[in-house]
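Remarks on the structure that follows.
Please treat every number below as a calculation from the coordinates, not as lab data. Bear in mind the structure is a predicted one, so any value in this text is a computation, not a measurement. When we count neighbours, we look across all protein chains shown, and the Cβ atoms used for this are built from the backbone with ideal geometry, even at glycine.
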Amino acid sequence: MSFRSAAAIAADVRDGATTARAETEAALARIAAANGALNAFTAVFAGRALAQADAIDADLAAGRAVGPLAGAPFAVKNLFDVAGVTTLAGSKIRRDASPAARDATAIQRLTAAGAVLVGALNMDEFAYGFVTENAHDGPTRNPHDLTRIAGGSSGGSAAAVAAGLVPLTLGSDTNGSIRIPASLCGVFGLKPTLGRLSRQGAFPFVESLDHIGPFARSVADLTLAYDLMQGPDPLDPLCRRPAEPAAPRLQAIADAPLRVGMLGGWFAQGAFPEVLEALEIIADALQARRGVELPGAEQARAAAFCLTAAEGGELHLEDLKARALDYDPAVRDRLLAGALLPHGVAEAARRYRPIFRDAAAKVFEDFDILLAPASVCPAPGVGQATMEMGGQEVSVRKNLGAYTQPISYIGLPVVTVPLNRPGKLPIGVQVIAPAWREDLALAAALRLEQAGVVAAHRPPERP
Amino acid sequence: MAVDPALSAFLALPDDAVAAYADARAEGLGLPLPQACRPGVIDNLTLLRRQAETFVAALPASAADEIEAFAP
């Protein structure tokens, strides 16, 4: 396995210490060796990757400039369009769809920077779930304990980075689908502000709530990828904001005072003791004020839950009429139920959004950063249907994101940071910033990383 | 905000009436509910009804008729 950063690989390629081809071949070999156990990749694009790597090496040999990620391998959740490849979104019913005509915008921007796309990654069907136990492609297993899940829905994306197969991946997050697997697999994940990164070419799930974002093993790589993907995209009406690169000012923000609050109320109920312990450690490191209330969080979670079902059900209505039994059963029943909701449910959920957004903005008048648990518990077992939460037996699939859903409902940026606890199951914490202030969340993450409080520690060696 | 009649009726359903609601609504949509799916769908719909109650009750009566084009 390789735990070098994307930035370090690219620097070595630029300096001639290695070649893009050698790095790409090494990544392909790692995937071939480890994917049988992990099931993180659902497709490998060896031909495309090697051709791009050779083009980078040719540019370097000719003295032409290459991008900041030149030769660094990356992979994407299989809901991103890849030119010439059918976009599965974890489903069976899309297996006979036409191949995508072009790469998703996010892939275009990373490849333009020299990153080499090596494959596509497993996920919950249509991104509806927190477990990546896909009925068609099988479960993705957690690199830290193969008997446990990687989380979802971007489980393959988190597992591939955690296992050292690639240093950088992309996922999507509608209700927690970057933050939950980042937490369970012990890597960094960024869910930016709603509308910050283009969703063009990412198969939709819930138009009102869909985000995309990167996973990496360091704050520097996470920030680099985020900065490279920023900027308006005429093909995504939500993505209009000019790029505001975070990297140049990150250290200065990290070194300056930050007003940090730790959320209580909804966010302090039901979490496992080790999750609360992780939160306390990170709160101590950032000198956070405890017990900060975010009024309406429970209602926001409920509204996100219903809006997801309603919009997802509406999106899939025609396929549900024609081919319901071709869906993953765990997803199908939720989409069918969503389709049966009266229209007023989605409308009411949209009405509650600005109310909760304004409540959060009020809290942010006193804080730069808010902390909350990412997942309710460390990674549950593969096949585990229920878990205990607040003294009740509840569905794993529906409840792992209880603390992430209120935040994505109002589109706030969040970095999930992995507590540095080698030898134990990973636990992540949400570092939440006001809208459009990803730099604050990334800077807080950087401060924690430099203090050794958070780190993407390596999974155990396997024979 | 005045809650629309269909939403009010849905929120007022007792749990043991959700199955009948599901069948009627499915028929209205032309959406077949395969027998294998029906128990799971009803469980999910019951959960969704309870969740909807949670936030609909928190909406102010004075909410504007127009829904804001959401921006974070």
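Looking at the range A:357-379, can you tell me whether even one residue there is more than 10 Å from chain B (Cβ to nearest Cβ), among the small types (Gly, Ala, Ser) and out of contact with any Ser or Thr (no Cβ under 9 Å at 6 or more places or on another chain)? Yes, the range A:357-379 has at least one match.
Among the residues of the range A:180-193, those that are buried (at least 24 other Cβ atoms within 10 Å of the Cβ) and within 14 Å of another protein chain (Cβ to nearest Cβ) comprise A:Lys191, A:Pro192. Among the candidates A:Arg102, A:Arg95, the residue that is charged (D, E, K, R), surrounded by fewer than 24 Cβ atoms within 10 Å (Cβ to Cβ), free of Cβ contacts under 8 Å to residues at least 24 places away in the same chain and not in a strand (DSSP E or B) is uniquely A:Arg95.
Selection within the range A:320-351: residues that are outside any helix (DSSP H, G or I) and of a type in the set (A, V, I, L, M). The member of this set that is nearest to the other protein chains (Cβ to nearest Cβ) is A:Leu340. The condition of being closer than 17 Å to A:Thr140 by Cα, in contact with a Leu (Cβ under 7 Å, 6 or more places away or on another chain) and crowded, with 24+ Cβ neighbours inside 10 Å holds for only one of A:Ser157, A:Ser177, that being A:Ser157. Scanning the range B:52-67 for residues that are facing another protein chain (nearest Cβ under 7 Å) and either more than 17 Å from A:His343 (Cα to Cα) or surrounded by 21 or more Cβ atoms within 10 Å (Cβ to Cβ) (or both) returns B:Ala52, B:Phe55, B:Val56, B:Ala58, B:Ala63. Only one of the listed residues (A:Ile107, A:Ile93) is farther than 22 Å from A:Met229 by Cβ, out of contact with any Cys (no Cβ under 7 Å at 6 or more places or on another chain) and of a type in the set (Val, Ile, Thr). That residue is A:Ile93. Scanning the range A:120-153 for residues that are part of a strand (DSSP E or B) and either touching an Asp or Glu at 6+ places or on another chain (Cβ under 8 Å) or without any contact (Cβ under 8 Å) to a residue 12 or more places away in the chain (or both) turns up A:Glu133, A:Asn134, A:Pro139, A:Ile149. The strands (runs of 3 or more DSSP E) located wholly in the range A:209-312 that include 2 or more residues which are away from chain B (no Cβ under 14 Å) and farther than 28 Å from A:Val76 by Cα occupy A:260-263, A:289-292.
Please work out if A:Ala302 is crowded, with 23+ Cβ neighbours inside 10 Å, within 18 Å of A:Gln405 (Cα to Cα) and touching a residue at least 12 places away in the same chain (Cβ under 8 Å). So A:Ala302 does not fit the description; no. When each of A:Thr42, A:Thr24 is tested for being among the polar types (S, T, N, Q), closer than 30 Å to A:Arg95 by Cα, crowded, with 23+ Cβ neighbours inside 10 Å and in contact with a strand residue (DSSP E or B) (Cβ under 8 Å, 6 or more places away or on another chain), the lone residue that passes is A:Thr24.
Among the residues of the range B:1-14, those that are surrounded by 13 or more Cβ atoms within 10 Å (Cβ to Cβ) and either within 15 Å of the chain's Cα centre (by Cα) or assigned to a helix (DSSP H, G or I) (or both) comprise B:Val3, B:Asp4, B:Ala6, B:Leu7, B:Ser8, B:Ala9, B:Phe10, B:Leu11, B:Leu13. Residues in the range B:21-41 that are within 8 Å of another protein chain (Cβ to nearest Cβ), of a type in the set (A, V, I, L, M) and assigned to a helix (DSSP H, G or I): B:Ala22, B:Ala26, B:Leu29, B:Val41.
Scanning the range A:382-392 for residues that are within 27 Å of A:Leu276 (Cβ to Cβ), crowded, with 16+ Cβ neighbours inside 10 Å and out of contact with any Asp or Glu (no Cβ under 9 Å at 6 or more places or on another chain) turns up at least one hit.
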